[in-house]
1. Which members of segment 92-115 meet the condition of being within 13 Å of ligand 1 (Cβ to nearest atom) and either of a type in the set (Asp, Glu) or closer than 15 Å to Leu142 by Cα (or both)?
2. For segment 180-197, indicate whether the set of residues that are on the phi > 0 side of the Ramachandran plot, away from ligand 1 (no atom under 14 Å from the Cβ) and surrounded by fewer than 20 Cβ atoms within 10 Å (Cβ to Cβ) is non-empty.
3. Please go through (1) at pLDDT 95 or above; (2) closer than 24 Å to Pro263 by Cβ; (3) of a type in the set (D, E, K, R); (4) assigned to a loop (DSSP other than H, G, I, E, B) for Asp115 and return the number of the only condition it doesn't satisfy.
4. Restricting to segment 123-144, name every residue that is more than 19 Å from Tyr200 (Cα to Cα) and assigned to a strand (DSSP E or B).
5. Out of all the residues in segment 110-132, which are within 13 Å of Leu165 (Cα to Cα) and within 16 Å of ligand 2 (Cβ to nearest atom)?
6. So, in segment 146-205, exactly how many residues are within 13 Å of ligand 2 (Cβ to nearest atom) and of a type in the set (S, T, N, Q)?
7. Of the residues Ala224, Ala261, Ala265, Ala238, only one is within 16 Å of ligand 1 (Cβ to nearest atom), part of a helix (DSSP H, G or I) and either of a type outside the set (Val, Ile, Thr) or farther than 27 Å from Pro170 by Cβ (or both); which?
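The values are calculated or read from the model by the stated rules, or taken from the named source; none is laboratory data. What you see is a predicted model, and the numbers here were worked out from it, not measured in a lab. Positions of Cβ are backbone-derived with ideal geometry, glycine not excepted, and every protein chain shown enters the neighbour counts.
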Amino acid sequence: MLEGHHYFTIDDELGFLEKRTGVAVYDFAFEQFFSCKHPLEPAAIPTVARVGAPKDYAEWHSILNELGITLIHTPEEQLRCTTLAKWYPLIKELTPRSELFENFPSIATIEACFDYPFFMKGSRQTNRHQAALSVIRDRAQLENALAVYRSDPVLHWQEVVCRELMSLRPITGGVEGKVPASFEFRTFWWHGEFVGAGPYWFEADPYDWNETEQQEALEIAKIAAHKIACPFVAIDVAQCEDGRWIVIECNDGQESGYAGASPSALWQNVLAAARRRTEPPDFSR
Ligand SMILES: Nc1ncnc2c1ncn2[C@@H]1O[C@H](COP(=O)(O)OP(=O)(O)O)[C@@H](O)[C@H]1O
Ligand SMILES: [Mg+2]
């Protein structure tokens with residue numbers, strides 16, 4: 001097996017390939033919550049990778065294929081749920097207006113598309129939610145941010161994306177210098193079925209949704225999950241100050257931290273959903 005990686009199966013239903021990342025909201029001690037089997041050879045069942053974000057998913061997918069491991073996402077599916085260029089066209093009406101610049105944009109190009117203030121990020125992510133690089137209020141700030149986007153190790157390889165800046169419902173206790181924390185939740189979907197959710201801003205003061213808020217948020221997230229149609233996605237949704245819910249971003253559930261979601265409940269729900277999908281329907285009841 002691969003150096004530093006750990007392969008196991010749960011309930012003969014799903015395989016897992018794990019490599020600890022050291023990130024507390026990402027790693028999970030599966031062995032403490034589930035009875036895991038460690039077969040000598042990979043089982044012929046779909047495998048979930050919990051290895052962080054592979055640099056080149058397509059290459060990673062094919063290396064694993066040769067070892068007899070089939071990841072839940074094809075390279076095409078992984079691209080669809082991780083890059084704004086792919087998921088945005090599918091859910092345009094649920095998420096802030098966005099422009100992705102395939103070539104590094106000039107100030108004039110950006111100003112032709114957006115008035116200040118606007119939101120800026122890489123096509124996959126921000127640099128750790130730094131406000132100065134994301135909430136762009138004037139030309140001087142844009143100039144400075146673009147210089148950083150050209151050279152920053154997290155940002156320079158990503159295409160630049162600008163988005164309409166939404167007024168999100170604020171919450172208290174964000175972190176100085178970061179994008180202001182808002183009423184935002186991470187939701188997880190297994191083949192379109194809801195399997196877990198929790199507050200996105202785990203570093204802010206604790207917050208939670210009431211039943212109505214949850215229902216409204218999940219309605220939007222579910223539409224997005226169905227349109228993106230990948231086996232395991234994380235859909236982040238936030239409430240605007242006017243009460244409307246929007247999708248902030250989508251991601252591969254394999255690469256996503258749990259945020260405030262309970263990992264044990266999430267994986268229990270995933271396993272139950274996977275079982276329902278593989279078991280033939282019981283017509284005797
Ligand atoms: N268009 C937007 N308008 C206002 N706030 C936004 C917008 N897009 C993102 N944010 C805020 O910025 C945070 C970070 O942006 P996000 O797209 O999630 O980047 P990352 O991929 O780095 O997590 C979000 O959690 C949300 O609170
Ligand atoms: Mg995010």
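1. If the condition is that a residue be within 13 Å of ligand 1 (Cβ to nearest atom) and either of a type in the set (Asp, Glu) or closer than 15 Å to Leu142 by Cα (or both), then Glu99, Phe114 are the ones that fit.
2. Yes: one or more hits.
3. Every condition holds for Asp115 apart from (2).
4. Here is the first cut: in segment 123-144, the ones more than 19 Å from Tyr200 (Cα to Cα) are 123, 132-133, 136-144.
The one that is more than 19 Å from Tyr200 (Cα to Cα) and assigned to a strand (DSSP E or B): Ile136.
5. Step one: filter segment 110-132 for residues within 13 Å of Leu165 (Cα to Cα), giving 113-121, 131.
Selection gives Phe119, Met120, Lys121, Ala131.
6. 2
7. Details: Ala261 fails: part of a helix (DSSP H, G or I); Ala265 fails: within 16 Å of ligand 1 (Cβ to nearest atom); Ala238 fails: part of a helix (DSSP H, G or I).
Answer to the check: Ala224.
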